[in-house]
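Following: one structure in structure tokens, then a few remarks.
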Amino acid sequence: MAKMPLQFSLNGRDTAIFVNGGENMLETLRRGVGDMSPKYGCAQGTCGSCTVIVDGQPQLSCLTLSQTMEGRSVETVSGLSDGPQLHALQQAFMDGFAAQCGYCTGGMLMAAKALLMNNPNPSRDDVVEAISGNVCRCTGYEPIIDAILDAATKMRGRAM
Amino acid sequence: MIGFETYPNVDQAAAALRDDGVYFGGGTLIMRALNYGEQDFSRIVRTTDPALKQVEAAGDRVRIGADVTMREVIASSDLSFLTPVARSVGGPAVRNVATVGGNLFAEHPYGDFTVALLALDGRVSVAGGGEHDLSDFISSRTTFNGVVTSVSVARPGGQDFRYHKVSRVKPKGVSVMSIAAWLPRATGRISNARLAFGAMGETPLRALPVEQALEGTSLDASGIESALQAVIGAFNPPDDPLASGWYRKEVAPVHLRRLLLGEGEK
Ligand SMILES: Cc1cc2nc3c(=O)[nH]c(=O)nc-3n(C[C@H](O)[C@H](O)[C@H](O)COP(=O)(O)OP(=O)(O)OC[C@H]3O[C@@H](n4cnc5c(N)ncnc54)[C@H](O)[C@@H]3O)c2cc1C
């Protein structure tokens, strides 16, 4: 069976690629497009390290059939910073030591970004809920939660 | 290589399944199987039929399209009684795609949403026509080779519907068990209760002995005593890495009591 064409927007850029039938979006992004920012963890949706944002909502790229992404808007960590200028979430993670080994960090950032896009003023419980599908084995989660709340405050400040 | 076919109409999708096709809801379970090379299909079939995305309230029932996602359940004002149930399924990224239809087929210990549908007198509609009692449908789901179009449930009054999911990981985890209860009351006494349990058998199951024990009782410590006794022998749960069947049976009365008395989890 021939490969199938797929067109979607990746971090705001039109992207066209050929994919295998049954291929997941994590593979398409990493091997096909060369965007290594979504991490390969468990390939069964339990770790969250491959989280991307699709049309404004968090989605596990390992459980996303690439062919269903036709015409959709996909955001990855690669699109977070503006050149050398880190995104408020990235800066808050750095300032608050919210990353240790860093493997979960990309997924955490995307889960957090999706939260703040939909709810700019989240409670601590909202943040816990938003990252409840993302596993971190280093930090104990508290610095991550604090960093997301810190970024939310700064982003609200900037918006005013 | 796996084929991928999209049909505008659900009947076309159902006809296209044949022997080697699988219907694609949100894909959370199908993709897991594919990623691990454990699929038993060679074609993925889906539909863009808008009927499968509809939520329609009519009289004392509401019909939920099979392709409605857990996130869409949470967003629907007609389904507010199911919000806590949908919120208990996976994390936000799973809920964003996981469908009501797919939940009917999710293997043990999954199927939390189906537990609630069972308690609420769920009825399943399938492509090509026909409505089935949800209990009957689930008991023969492994041989079903069609497309579910919707599930209709009763709309419970005020405080009549309760749901409780027990998991080891907070705030989200896989079910040690989930319990849903529809407890209509007539002059303060329970009348025609329906209860269902998840992760207490190979599929979500109704708790018929518990329902019978609750008939005509009041929701207080002495009123529910015989229901707590009845649940002990009601199920034969399997062992899995989360809990043994023995443990599940032992703690079932504790969690049922919390649900019925509204004690919440300590
Ligand atoms: C990380 C993670 C956490 C999870 N947590 C939970 C949880 O807490 N509780 C829980 O209940 N589940 C959980 N699940 C399991 C699963 O996500 C849900 O059960 C979900 O509702 C399945 O729906 P889906 O649309 O993704 O199914 P799919 O993967 O699309 O399909 C699953 C099966 O159902 C069939 N199917 C789907 N729709 C139809 C239809 N309309 N007609 C006929 N057949 C159909 C498919 O052919 C397939 O056989 C979890 C999964 C993951 C990956």
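The values are calculated or read from the model by the stated rules, or taken from the named source; none is laboratory data. The structure displayed is predicted, hence computed values, not measured ones. Cβ sites come from the backbone with ideal geometry, for glycine too, and all protein chains shown count toward neighbours. These accessible areas exclude ligands, DNA and RNA; they are computed on the full protein's heavy atoms, side chains included. Shrake-Rupley method; radii C 1.70, N 1.55, O 1.52, S 1.80 Å.
Selection within the stretch B:116-167: residues that are among the β-branched types (Val, Ile, Thr), farther than 21 Å from B:Arg194 by Cα and not in a strand (DSSP E or B). The member of this set that is most open to solvent (accessible area, probe 1.4 Å) is B:Thr142. Among the conditions (1) part of a helix (DSSP H, G or I); (2) more than 7 Å from the ligand (Cβ to nearest atom); (3) surrounded by 18 or more Cβ atoms within 10 Å (Cβ to Cβ); (4) not small (Gly, Ala, Ser), B:Thr83 misses just one, which is (3).
Output the residue which, of all residues in the stretch B:42-64 that are over 16 Å from B:Gly101 (Cβ atoms) and touching a residue at least 40 places away in the same chain (Cβ under 8 Å), is most open to solvent (accessible area, probe 1.4 Å). Talk me through it step by step, then tell me what you get.
Here is the first cut: in the stretch B:42-64, the ones over 16 Å from B:Gly101 (Cβ atoms) are B:42-43, B:57-61.
Cutting the leftovers down to touching a residue at least 40 places away in the same chain (Cβ under 8 Å) gives us B:42-43, B:57, B:60-61.
Values: B:Ser42: 48, B:Arg43: 23, B:Ala57: 42, B:Asp60: 112, B:Arg61: 40 Å².
The selected residue is B:Asp60.
Any residue in the stretch B:128-144 that is within 9 Å of the ligand (Cβ to nearest atom) and under 12 Å from the mean Cα position of the chain (by Cα)? Among the residues of the stretch B:128-144, not one is within 9 Å of the ligand (Cβ to nearest atom) and under 12 Å from the mean Cα position of the chain (by Cα), which makes the answer no.
If you check B:Gly26, B:Gly37 for being within 25 Å of A:Lys3 (Cβ to Cβ), touching a residue at least 60 places away in the same chain (Cβ under 8 Å) and part of a loop (DSSP other than H, G, I, E, B), only one passes: B:Gly26. For the stretch A:101-160, a residue qualifies if it is of a type in the set (Gly, Ala, Ser) and touching a helix residue (DSSP H, G or I) at 6+ places or on another chain (Cβ under 8 Å), and the qualifying residues are A:Gly106, A:Ala111, A:Ala112, A:Ala114, A:Ala130, A:Ser132, A:Gly133, A:Ala147, A:Ala151, A:Ala152.
Would you confirm whether or not the stretch B:185-208 contains a residue that is more than 17 Å from the chain's Cα centre (by Cα), of a type in the set (A, V, I, L, M, F, W, C), closer than 17 Å to B:Ser135 by Cβ and open to solvent by 20 Å² or more (accessible area, probe 1.4 Å)? Looking through the stretch B:185-208, none of the residues is more than 17 Å from the chain's Cα centre (by Cα), of a type in the set (A, V, I, L, M, F, W, C), closer than 17 Å to B:Ser135 by Cβ and open to solvent by 20 Å² or more (accessible area, probe 1.4 Å).
Can you pull out the residues in the stretch A:101-160 that are within 14 Å of another protein chain (Cβ to nearest Cβ) and basic (Lys, Arg)? Scanning the stretch A:101-160 gives A:Lys113, A:Arg124, A:Arg137. Residues of the stretch B:151-162 include at least one that is within 12 Å of the ligand (Cβ to nearest atom) and at pLDDT 95 or above.
Listed by position, the strands (runs of 3 or more DSSP E) contained in the stretch A:36-133 that have at least 1 residues being out of contact with any strand residue (DSSP E or B) (no Cβ under 8 Å at 6 or more places or on another chain) are A:57-60. Out of the stretch B:227-266, which residues are in contact with a strand residue (DSSP E or B) (Cβ under 7 Å, 6 or more places away or on another chain) and free of Cβ contacts under 8 Å to residues at least 40 places away in the same chain? Selection gives B:Phe235 alone. Scanning the stretch B:1-41 for residues that are open to solvent by less than 30 Å² (accessible area, probe 1.4 Å) and either of a type in the set (Asp, Glu) or away from chain A (no Cβ under 13 Å) (or both) yields a count of 5. Looking only at the stretch A:64-87, residues that are among the aliphatic types (A, V, I, L, M) and either open to solvent by less than 10 Å² (accessible area, probe 1.4 Å) or under 13 Å from A:Leu29 (Cα atoms) (or both) come to 4 in all. The single residue among A:Gln100, A:Gln44 that is surrounded by fewer than 19 Cβ atoms within 10 Å (Cβ to Cβ) and within 15 Å of the ligand (Cβ to nearest atom) turns out to be A:Gln44. Annotation: of all residues in the stretch B:99-127 being within 14 Å of chain A (Cβ to nearest Cβ), of a type outside the set (Val, Ile, Thr) and under 16 Å from B:Ile30 (Cβ atoms), the one that is farthest from the ligand (Cβ to nearest atom) is B:Glu107.
For A:Arg137, state whether it is surrounded by fewer than 21 Cβ atoms within 10 Å (Cβ to Cβ) and in a loop (DSSP other than H, G, I, E, B). Steps first, answer last, please.
Values: surrounded by fewer than 21 Cβ atoms within 10 Å (Cβ to Cβ): yes; in a loop (DSSP other than H, G, I, E, B): yes.
Spelling it out, A:Arg137 is indeed surrounded by fewer than 21 Cβ atoms within 10 Å (Cβ to Cβ) and in a loop (DSSP other than H, G, I, E, B).
Within the stretch B:65-72, is even one residue within 14 Å of chain A (Cβ to nearest Cβ), open to solvent by 30 Å² or more (accessible area, probe 1.4 Å) and among the charged types (D, E, K, R)? Checking the stretch B:65-72: at least one residue is within 14 Å of chain A (Cβ to nearest Cβ), open to solvent by 30 Å² or more (accessible area, probe 1.4 Å) and among the charged types (D, E, K, R). There is at least one residue in the stretch B:185-204 that is at pLDDT below 95, of a type in the set (Gly, Ala, Ser) and not assigned by TED's automatic domain parsing to the domain that holds B:Asp11.
Would you mind stating whether A:Ser37 is under 25 Å from B:Met70 (Cβ atoms) and either outside the structural domain of A:Asp150 (by TED's automatic domain parsing) or open to solvent by 70 Å² or more (accessible area, probe 1.4 Å) (or both)?
Numbers: under 25 Å from B:Met70 (Cβ atoms): no; either outside the structural domain of A:Asp150 (by TED's automatic domain parsing) or open to solvent by 70 Å² or more (accessible area, probe 1.4 Å) (or both): yes.
Here the answer is no, as A:Ser37 does not meet what is asked.
In this structure, is B:Val174 within 14 Å of another protein chain (Cβ to nearest Cβ) and within 13 Å of the ligand (Cβ to nearest atom)?
Numbers: within 14 Å of another protein chain (Cβ to nearest Cβ): yes; within 13 Å of the ligand (Cβ to nearest atom): yes.
Judged against the criteria, B:Val174 is a match.
A Cβ distance below 7 Å, combined with a sequence gap of six or more or placement on separate chains, defines the contacts here; from the stretch A:12-27, residues that are in contact (Cβ under 8 Å) with a residue 60 or more places away in the chain and away from chain B (no Cβ under 12 Å) reach no residue that is assigned to a helix (DSSP H, G or I) and open to solvent by less than 10 Å² (accessible area, probe 1.4 Å).
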